[in-house]
1. Which residues, counting only those in the stretch 1-50, are outside any helix (DSSP H, G or I), within 23 Å of the chain's Cα centre (by Cα) and either surrounded by 14 or more Cβ atoms within 10 Å (Cβ to Cβ) or not acidic (Asp, Glu) (or both)?
2. Cβ-Cβ distance below 7 Å, separation of 6 or more or different chains: which pairs start in the stretch 10-26 with a residue that is closer than 17 Å to residue 46 by Cβ and end on one that is exposed (fewer than 14 other Cβ atoms within 10 Å of the Cβ)?
3. Kindly indicate whether any position in the stretch 54-63 is touching a helix residue (DSSP H, G or I) at 6+ places or on another chain (Cβ under 6 Å), touching a residue at least 12 places away in the same chain (Cβ under 8 Å) and either surrounded by 12 or more Cβ atoms within 10 Å (Cβ to Cβ) or more than 23 Å from residue 1 (Cβ to Cβ) (or both).
4. If you take the residues of the stretch 64-77 that are loosely packed, with under 10 Cβ neighbours inside 10 Å and of a type outside the set (D, E, K, R), which of them is modelled with the lowest pLDDT?
Amino acid sequence: MLSTVEAAKRIGVSKSTLLRWLDEGLTEDVERDWRGWRIWRRDDIARVKAFREAYHSEPQTRVRRRAVARAEFARGAAASMARFGRGYLPGPEAVR
């Protein structure tokens, strides 16, 4: 029986990653002891290790955006803020 930290080391991920996978339901949770702490057994570690290998089997493609000049970015940001602001300006009926 291993702790979560020891199990994460054997699986090859951080404790945070392992707990996130459990929290998101990507892997089945393991048995707990009387204190509520997780009890990691060899079959649990093997199961999560298989998940990790399947989860990371294909490299994720990264989307790179084109470089934008500062002036072009500023114009786009100003236009976006103007569109956003128009939705919150009071109409003529609200002015007294």
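The values are calculated or read from the model by the stated rules, or taken from the named source; none is laboratory data. What you see is a predicted model; the values in this text were computed from it and never measured. Using ideal geometry, Cβ is built from the backbone for each residue, glycine included, and neighbour counts are taken over all protein chains shown.
1. 12, 13, 14, 25, 26, 27, 30, 38
2. From the stretch 10-26, the pairs are 22/29.
3. No, there is no match, as no residue in the stretch 54-63 is touching a helix residue (DSSP H, G or I) at 6+ places or on another chain (Cβ under 6 Å), touching a residue at least 12 places away in the same chain (Cβ under 8 Å) and either surrounded by 12 or more Cβ atoms within 10 Å (Cβ to Cβ) or more than 23 Å from residue 1 (Cβ to Cβ) (or both).
4. 67
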